[in-house]
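Q: Before I ask anything, let me first share the structure, which is written out below as structure tokens.
All of the numbers you see were taken from the coordinates with simple rules; none came from a lab. Not measured: the values here are computed from a predicted model. Every residue, glycine among them, receives a Cβ derived from its backbone with ideal geometry; neighbour counts consider all protein chains shown.
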Amino acid sequence: MGAYRFLEEVALADCAMEIEGRDLDDLFETAAQALARLMVDPATVALTVERTVTLEAARLDLLLYDWLSELIFLKDRDREVFPQSRVRVTGEGPVRLTAELRGGPIDPDRTALGADPKAVTFHQFALEPVDGGWRARVVIDI
Amino acid sequence: MRIADTLRIEARPVGDCIWEIPPTAKPGMHVPARIYASEALLAQMDAGVFEQVTNVACLPGIVRAALCMPDGHWGYGFPIGGVAAFRADAGVISPGGIGFDINCGMRVIRTGLTEDEVRPRLRELIDALFGAVPSGVGAKGFVHLTDVAFRKVMVEGAGWCVAQGYGWPEDLEHTEGRGCLPGADPAHVSARAMARGMNQLGTLGSGNHYLEIQVVRPGAIHDARAAKVLGVEGPGQIFVMLHCGSRGFGHQIGTDYLRLFDDIMPRYGIAVRDRELACAPFRSKEGQAYWGAMNAAANSAFANRQVITHRVREVFSKVFGKDARELGLSVIYDVCHNTAKLERHAVDGADVELVVHRKGATRAFGPGASDVPADYREIGQPVIIGGSMETGSALLVGTAHAMTETWGSTAHGAGRTMSRAEAKRRVWGETLLKEMDARGIVVRAASKSGVAEEAGFAYKDLDAVVDVLDRVGLSRKVVSLTPIGNIKG
């Protein structure tokens, strides 16, 4: 399982995240977990909804951008968040993602709310291979 | 951030509270960067401000200077508090100079009520407002839109709401651009943006968005004549202020076009120092498509603040048992602080059409300007500066000097000095709520951690920001407003 941390020294009013994964699948899953943690306390979400998401992009970094943007989109359109996911990234330009999402509705009576992300920014946006896996930096506008 | 530290040293004073970074500071700068701040505020600005404002100075077609207001802080792309004008015929438009929350803005509503009348019913009032104006992540608004109606909102803005009975005709007179920016084109709005925003009309959002009950304290009126024109009668009077924008609809439009511009910039031979500054020539096919979608989002934000105003009137009417008109709940003004607008300004003696980007910055047109409501034209356009939920906000008016100095622009708030995580480390949300309650400020919030993030100590001193605006002449202070109740996302 990958790891994430929120960076404080970047973009004061927003939320910068650094995400690490042992491979791309792990990094994308961990990024989704970090985003869910930003929005809610995952322990207060009933995991009653399963979804499949497929995406395609010209480059890996754009696939990560689209992946997180999709999760923010679902948060607004369906008022659902997905703390758990199983992701498979394949291909080399274009690259494809297939994800099985597990989460649930944002329930005002049950869910402990965090921030309401507006968008993924390109500010200092990066996805790169490192020793032992991959690392990404993402600033979320909140 | 060594580059930014170097730039900070190179920011030299060129006037009272005006600092300039010359174009030689960074390769690719077409114009200087100008920061409006006292020495103390300049010292508080994080390194990102200097990095970002000089990046903006590198964008194609920028005119005169990249500007940063005294509430400036590190954002993404532009600094928050950033202002830049580009030639419409040879410059660019950049979503990163507007923000994802297109037409995030402020509205202030006067009342004929006094604190003595409101204080005994304050908790009831705040609870009712919290129920009537949904806030926080996952909130759903009370207006049920069809696709056809949503497209009308995009084109007609606040006017659509008034036509549906969500407001008074005179509300439009007191809204920037009469609550409807020209150029909106639903054809350039994605189905995703519509799906994302369809259920959110009438919601507040989260982060620093709020709905606040405020009072005028003794000694808080700085310009009695202008205050009277705005409907400020004296100490003890109650006001309602709201801060919100275009919600998921605008956020998705920003996302869609940032992604598009990132792709197509090479086609136009444009390179930027920060991908978040992705842009397109204003007159290009893509630039015009964003312009149409961006104005649609701006109009949806006006509509959002208008239907929230309707809810506020309903709640006051119910709590105080009188009609909203009888309670004097009239809109003083509504201003955008995340937009690009097509404006004509004097450049080297010529009247030039410019695309003026204001990101976390407010338009501040001076007395006599044609887009200032007739009843305010002698004092200038009202400017609403939102402070923190603990310390208060301010009403100012625009000046003739701002027209020549900053394209008629001024600050938008106090500006953060501390990260959200640091604020949460310093205080628990629950603790802060109790402390504020003990000081007479009743708060209802969708997210307790969000309350801690918005603590007063996380922001600059609002008075210091307003004093700089007044000293430099970018706007003139009229009245300070103190919170007694707050709804937060």
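Q: Please identify the chymotrypsin sites (Phe, Trp or Tyr not before Pro) of region B:169-277 that satisfy two criteria: DSSP loop assignment and at most 14 other Cβ atoms within 10 Å. Which are they?
A: On the way: sites: B:Tyr210, B:Phe239, B:Phe249, B:Tyr257, B:Phe261, B:Tyr268; in loops: none.
Qualifying residues, ordered by number: none.
Q: In addition: Dipole size in debye (nearest 20) for region B:1-108 around its Cα centre, Lys and Arg Cβ +1, Asp and Glu Cβ -1?
A: On the way: 8 positive and 10 negative charges, 44 e Å.
Dipole about the Cα centre, nearest 20: 200 debye.
Q: Right, next: As a check on your grasp of the helix formula, calculate [θ] at 222 nm for chain A: sum -39500 (n - 2.57) over DSSP H runs of n ≥ 4, divide by the residue count, round to the nearest 500.
A: Numbers: 2 runs with 34 residues, N = 142.
Helices in chain A give a 222 nm mean residue ellipticity of -8000 deg cm²/dmol.
Q: Using a Förster radius of 30 Å, what is the FRET efficiency between A:Arg59 and B:His30 based on their Cβ-Cβ separation? Nearest 0.05, please.
A: FRET efficiency, A:Arg59 to B:His30: 0.50.
Q: Still on this model: Helix A:60-77: angle to the longest alpha-carbon principal axis of chain A, degrees 0 to 90, nearest 10?
A: Its long axis makes an angle of about 10 degrees.
Q: Further question: Farthest toward the dipole's positive end in the protein assembly as shown, which of B:Tyr36, A:Val53, B:Val53, given Cβ charges of +1 (Lys, Arg) and -1 (Asp, Glu) about the Cα centre?
A: A:Val53
Q: Sticking with this structure for a sec: Return the FRET efficiency for the residue pair B:Gln164, B:Glu435: r is the Cβ-Cβ distance, R0 is 30 Å, and the value is rounded to the nearest 0.05.
A: Values: r = 41 Å, r/R0 = 1.37.
Efficiency, from the Cβ-Cβ distance: 0.15.
Q: Here is a follow-up. Need one word for region B:181-281: rounded, prolate or oblate. Basis is the Cα gyration tensor (sqrt eigenvalues a ≥ b ≥ c); a/c below 1.5 gives rounded, then a/b vs b/c decides. Provide the component values of the computation, followed by the final result.
A: On the way: a/c = 3.09, a/b = 2.13, b/c = 1.45.
Taking the square roots of the gyration eigenvalues as a ≥ b ≥ c, region B:181-281 is prolate.
Q: Based on DSSP H runs of at least 4 residues, each adding -39500 (n - 2.57), what is the mean residue ellipticity at 222 nm of chain B after dividing by all its residues, to the nearest 500 deg cm²/dmol?
A: It comes out at -10000 deg cm²/dmol, rounded to the nearest 500.
Q: Over 18 Å between Cα atoms: which of B:Lys424/B:Lys448; A:Lys118/B:Lys140; B:Lys26/B:Lys359 fall into that group?
A: On the way: B:Lys424/B:Lys448 10 Å; A:Lys118/B:Lys140 15 Å; B:Lys26/B:Lys359 22 Å.
Checking Cα-Cα distances, B:Lys26/B:Lys359 exceed 18 Å.
Q: Using only Cα atoms, locate the centre of region A:94-111 and the centre of region B:76-146, then give the distance between them in Å, rounded to an integer.
A: Here the answer is 28 Å between Cα centres.
Q: Also, quick follow-up: Anything in chain B that counts as a DSSP H helix reaching 20 Å or more along its axis (C-alpha) with Kyte-Doolittle mean of at least -1.0? List them, would you?
A: Values: long enough: B:247-264 (26 Å, -0.40); B:285-320 (53 Å, -0.28).
What comes out of the filter, once short or polar helices are dropped, is B:247-264, B:285-320.
Q: Under the Karplus relation 6.51 cos²θ - 1.76 cosθ + 1.60, θ = phi - 60°, what is the ordered set of whole-Hz ³J(HN,Hα) values for region A:42-47, x standing for Gly and Pro?
A: My calculation for region A:42-47 gives x, 5, 9, 10, 6, 7 Hz in order.
Q: A follow-up question, please. Roughly how tilted is helix A:24-39, in degrees to the nearest 10 and between 0 and 90, from the longest Cα axis of chain A?
A: It is inclined by approximately 30 degrees.
Q: Then there's this: What percent of all Cα-Cα pairs in chain B falls in each 20 Å bin, counting up from 0?
A: 26, 60, 14, 0
Q: Before anything else, pin down the relative contact order of chain A: Cα pairs under 8 Å, at least 6 apart, normalised by residue count, whole percent. All intermediate terms of the calculation are to be shown ahead of the outcome.
A: Numbers: 306 pairs, mean separation 44.8, N = 142.
Result for chain A is 32 percent.
Q: A further question on this structure: For B:Ile102, what residues show an amide H to amide H distance below 5 Å, using hydrogens built from the backbone and excluding near sequence neighbours?
A: B:Ser246, B:His251
Q: To check my understanding: the extent here is largest minus smallest coordinate of the Cα atoms along each principal axis. What are those three numbers for chain A, in Å, largest first?
A: The Cα atoms of chain A stretch 43, 34, 25 Å along their principal axes.
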